[in-house]
Amino acid sequence: MNSTNKTSAEVETLCDLATLADYSLMDTLNPDPEATADGVDHAPREVFSGHYVPVNPTAIENPKYIVHSKNFFSELGFADSLAQSEDFMRMFSGDTSHLPEPMRKVGWATGYALSIYGTEYYEQCPFRTGNGYGDGRAVSILEAVINGKRWEMQLKGAGRTPYCRGADGRAVLRSSIREFLAQEHMHALGVPTSRSLTLYTSRTETVRRPWFTKGSYSRDPEVMIDEAVAITTRVAPSFIRVGQLELFGRRARKNEHPQAMEELEKIVLHLIDREYSDVIDAQLPTEEKVLLLAREFRKRLTSLVANWIRVGYCQGNFNSDNCAAGGFTLDYGPFGFIDMFDPRYQPWTGGGVHFSFLNQPQAAERNFHMFCLALKPLLESNEDALDQLDEIREGFPQVMQGQMIKMWASKLGLETFNASLFNALVTLMIETSVDYTIFFRELSTVPEDISVLTKSFYGDSRFNEKILKRWSEWLEQWRSLIQHSNPVDINATSPESREKLSKQMKASNPKYTLREWFLVPAYQQAANGDYTRIKELQEVMTNPYKEQSKAIEEKYYREKPSEFFDIAGISHVSCSS
């Protein structure tokens, strides 16, 4: 389903894009039988069956262009001028009423279940049945095959759907800027992710949201503020989530309606076609496909989480509905990039330790457990296949550990992971209060003494003789391991091997990450119509491994200022709507 004979010519107009439209989800899966044909379906209601609800996005008033991803436009073959053309801008700010054929005027929203750390929940659904939870403000409006690859384009903040749970269906400019920049930054970091296409705001439409007072230390919002609405278009091969499979697995398990088992099988096979067709043969029996899917998703999910930790990213709210079944990062709500190293770092006040920085492997394991549980009804008639699925599920911690060991060795420039050296490092990083990104980047210079490493120390640690002595001892052990365990071309015993090792380590350890205190001034200025900082961050954060100008380095390669610690909206967020 990922390849057709579509053109690879440059897309200069909306009509050019229309020729690439190919709606696999709506054409192969079941619509909600109670849905309206015209997509006018914006009030909360229960959805009992079907894979999607046809629904129109709600356009924002008086849309205004802010930014588009030039890199992604280039990859797709889109002309940059397209982003500010009237009909393209109208479409991607939510008005699909005048689209050229064969584009469709009606979009779609999907339902999913919710599990939190491996426990099913129903209370978030207003009907307490689980049949009202899903895309409450995200509406997909296009599937297109571009240069042989299928992409789904989804508007976030596009108004109410049947899953809106009584909310207004809007996203605010603040959170839209965060997501727009974060997706392209993660892609540049080499972490699988949904992508950003465009960001538009409204000149006139606002909504009220809870937020913090300036300089507050509160963990909970204190005031209601008016914020401009915005729509950002996020793009992925599909937006199928673990929670989506859970919904259909639950319905099949409980035999909630006559087509429940059929709908589970169809969504699983659709996922395989959309996300795994390159590794799962379409001619195989369904049971074999299901087992291969579980193995491949395990491989992708463990690799993804190891990559998150490599670059200092914390998902914050890693529920199953925020876990893409394609194995990439999805839903940049209460995310954060770590400053001072803390295994329990959590940017979201509602997240708890279970979704904290170094607990992300365990959270991923819980989501994988729910993924396997959703697949089980398809294997019920085959005991051997069920046993194999259980083995795959039970093998998750071992595969995850393997990915983590490989990742830590890469960050440390070691051919072979050394647990003793690593454990000593973690202890020192915590006791010293070390900046995670700066430390590993400076270590990537393969220093001969600790002077450059002290750039990453917060507070007075750089003047503590006992701590400095322990760091010197650790660095000596690290250099000894490098010299005696690594191959001769990367063992730092010659200028050439040291340079090669440094280059290799820098490819694992970014210089720039999208810290929250960089984002705050960007969205504060944007609220006043100044988008300069957004575009600067876009440029810097899509080149996170490169050395940049001295001015950029002084601005973005530095420790978090002490006055920002524990400040609400900077060190932590309670929501990001």
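The values are calculated or read from the model by the stated rules, or taken from the named source; none is laboratory data. What you see is a predicted model, and the numbers here were worked out from it, not measured in a lab. Ideal geometry is used to build each Cβ from the backbone, glycine not excepted, and the neighbour counts take in all protein chains shown.
Check region 305-323 and report whether any residue there is over 17 Å from the mean Cα position of the chain (by Cα) and either crowded, with 24+ Cβ neighbours inside 10 Å or not in a helix (DSSP H, G or I) (or both).
Initial filter on region 305-323 (over 17 Å from the mean Cα position of the chain (by Cα)): none.
No, region 305-323 has no match at all.
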Inspect all residues belonging to region 227-242 and state whether any of them is closer than 30 Å to residue 199 by Cα, in contact with a helix residue (DSSP H, G or I) (Cβ under 8 Å, 6 or more places away or on another chain), assigned to a loop (DSSP other than H, G, I, E, B) and aromatic (Phe, Trp, Tyr). no
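Rundown of residues vs (1) outside the structural domain of residue 182 (by TED's automatic domain parsing); (2) buried (at least 21 other Cβ atoms within 10 Å of the Cβ); (3) closer than 22 Å to residue 196 by Cα, yes/no style:
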{"site": "38", "(1), (2), (3)": "no, no, no"}
{"site": "61", "(1), (2), (3)": "no, no, yes"}
{"site": "69", "(1), (2), (3)": "no, yes, yes"}
{"site": "84", "(1), (2), (3)": "no, no, yes"}
{"site": "102", "(1), (2), (3)": "no, no, no"}
{"site": "107", "(1), (2), (3)": "no, yes, yes"}
{"site": "111", "(1), (2), (3)": "no, yes, no"}
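Just wondering, is there one or more residues in region 443-452 that are polar (S, T, N, Q) and either crowded, with 16+ Cβ neighbours inside 10 Å or in contact (Cβ under 8 Å) with a residue 60 or more places away in the chain (or both)? Give the steps one after another, and end with the answer.
Restricting attention to region 443-452, the residues satisfying the condition of being polar (S, T, N, Q) are 444-445, 451.
Add one more test, that the residue is either crowded, with 16+ Cβ neighbours inside 10 Å or in contact (Cβ under 8 Å) with a residue 60 or more places away in the chain (or both), and what stays is 444.
The answer is yes, given that some residue of region 443-452 is polar (S, T, N, Q) and either crowded, with 16+ Cβ neighbours inside 10 Å or in contact (Cβ under 8 Å) with a residue 60 or more places away in the chain (or both).
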Looking at (1) over 30 Å from residue 80 (Cβ atoms); (2) modelled with pLDDT of 95 or more, which is the one condition that is false for residue 233? (1)
How many residues are touching a helix residue (DSSP H, G or I) at 6+ places or on another chain (Cβ under 8 Å) and either part of a loop (DSSP other than H, G, I, E, B) or over 26 Å from residue 333 (Cβ atoms) (or both) when one looks only at region 527-546? 6
Could you run through region 99-131 and say how many residues are touching a Phe, Trp or Tyr at 6+ places or on another chain (Cβ under 9 Å), outside any loop (DSSP other than H, G, I, E, B) and within 21 Å of residue 158 (Cα to Cα)? 3
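Considering 544, 521, which residue is touching a residue at least 40 places away in the same chain (Cβ under 8 Å) and of a type outside the set (Phe, Trp, Tyr)?
Values: 521 fails: touching a residue at least 40 places away in the same chain (Cβ under 8 Å).
Checking each option against the conditions leaves just 544.
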Options 234, 241; residue that is crowded, with 17+ Cβ neighbours inside 10 Å, under 23 Å from residue 143 (Cα atoms), basic (Lys, Arg) and in contact with a Phe, Trp or Tyr (Cβ under 6 Å, 6 or more places away or on another chain): 241
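Here is a list: 356, 381, 420. Which entry is loosely packed, with under 15 Cβ neighbours inside 10 Å, farther than 29 Å from residue 479 by Cα, polar (S, T, N, Q) and outside the structural domain of residue 116 (by TED's automatic domain parsing)? Even if it seems obvious, please write down each step before you answer.
On the way: 356 fails: loosely packed, with under 15 Cβ neighbours inside 10 Å; 420 fails: farther than 29 Å from residue 479 by Cα.
After applying the criteria, what remains is 381.
Residue-wise test of (1) among the aliphatic types (A, V, I, L, M); (2) on the phi > 0 side of the Ramachandran plot.
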{"position": "105", "(1), (2)": "no, no"}
{"position": "112", "(1), (2)": "no, no"}
{"position": "131", "(1), (2)": "no, no"}
{"position": "136", "(1), (2)": "no, no"}
{"position": "148", "(1), (2)": "no, yes"}
{"position": "183", "(1), (2)": "no, no"}
{"position": "186", "(1), (2)": "yes, no"}
{"position": "195", "(1), (2)": "no, no"}
